[in-house]
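Chemist: Attaching a single structure in structure tokens format; questions to follow.
The values are calculated or read from the model by the stated rules, or taken from the named source; none is laboratory data. Remember, it's a predicted structure, so these values are computed and weren't measured experimentally. Neighbour counts are summed over all protein chains in view; Cβ atoms, including those assigned to glycine, are modelled from backbone coordinates with ideal geometry. Please note that ligands, DNA and RNA were not included when accessible areas were found on the heavy atoms of the full protein model with its side chains. Shrake-Rupley method; radii C 1.70, N 1.55, O 1.52, S 1.80 Å.
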Amino acid sequence: MISLAEGCRHNGRRTTQRPRRRTLKSIRVVLADPQVLVRAGVRMLVEHFRGMTVTDDVGTGPELLEILAERPPDIVVTEMSLAGVSAIDIARRINRHLPQVRVLLLSVQIDNAQVQAALRAGVLGFVSKAGSPAELEIALRAVAIGNPYLSPHLARFAIDRRRGGRQDESSVILPARQREVLQLLGRGKSTKEVAALMGLSVKTVETHRSRLMQTLELSNINALMHYAVRHEMQEGEH
């Protein structure tokens, strides 16, 4: 099987060929779902969203890995249950070898353990199949710029898990400025938006962000964004 590391090298050669057209490129999406009709329906929706195109659709985990190695997209939209290799395992490999590729899970329902496993694997967004086409578009655009998205239909699973988890995150004491940054990140604001809302420079917000990661013992920005979303949901429940 072609390795994801090889896919990264191939992708690097492609993206340097025509740098002047980068800002004009569509958001490239790959779909993975075992049900052919689901893939066809989602493909039709995505291709009607402005600036988006579906480059491939597949039905199994190994097929998805092959596509990732040969022609990595901007976003992978995948069902949790894939034959051969699980979506969570694929997300881990993407996070390790193709960090520029975002992963959006599309599922009927995800249980508590799966939500947490997916977050740890680097999944950036979750959309319920019970959601609307508009919600799918919102999620894709959020994930495309590196912002997390959690469908309201699935949010309760993450909240319940945090309440029953092994660590009480609400007990972590943070300075007021860092708490405000965390809160705004949890609402889906970008670093630039946080800076504008707080009247700070982008560099200052990035410093707060780095200190948050150190304090919370988080290894990367994706982990911080997921923590921020979970924290915001918990605050909303009180």
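Chemist: Looking at region 27-55, which of its residues are open to solvent by 20 Å² or more (accessible area, probe 1.4 Å) and of a type in the set (D, E, K, R)?
Modeler: Arg28, Arg39, Arg43, Glu47, Arg50, listed by residue number.
Chemist: Still on this structure, please answer the following. So, in region 58-102, how many residues would count as being open to solvent by less than 20 Å² (accessible area, probe 1.4 Å), touching a Ser or Thr at 6+ places or on another chain (Cβ under 7 Å) and in a strand (DSSP E or B)?
Modeler: The qualifying residues number 0.
Chemist: A further question follows. Out of the residues in region 157-208 meeting the condition of being exposed (fewer than 13 other Cβ atoms within 10 Å of the Cβ) and of a type in the set (Lys, Arg), tell me which one is modelled with the lowest pLDDT.
Modeler: Once the filter is applied, the top-ranked residue is Arg166.
Chemist: Given the criterion in a strand (DSSP E or B) and either within 25 Å of Leu136 (Cβ to Cβ) or at pLDDT 95 or above (or both), identify the matching residue among Thr23, Thr53.
Modeler: Answer to the check: Thr53.
Chemist: Within the set of pairs 6 or more residues apart or between chains, which connect a residue that is over 25 Å from Ala139 (Cα atoms) inside region 205-230 to a residue that is open to solvent by less than 30 Å² (accessible area, probe 1.4 Å) and hydroxyl-bearing (Ser, Thr, Tyr) with Cβ atoms less than 7 Å apart?
Modeler: Here the result reads Leu216/Tyr227, each pair linking region 205-230 to a residue that is open to solvent by less than 30 Å² (accessible area, probe 1.4 Å) and hydroxyl-bearing (Ser, Thr, Tyr).
Chemist: Give me the residue from region 136-147 that is open to solvent by less than 20 Å² (accessible area, probe 1.4 Å) and not small (Gly, Ala, Ser) and, out of that set, farthest from Ile221 (Cα to Cα).
Modeler: Checking each candidate, the answer is Leu136.
Chemist: Please determine, by comparing only the residues of region 118-134 that are assigned to a helix (DSSP H, G or I) and open to solvent by 20 Å² or more (accessible area, probe 1.4 Å), which one is nearest to Asp33 (Cα to Cα).
Modeler: Pro133
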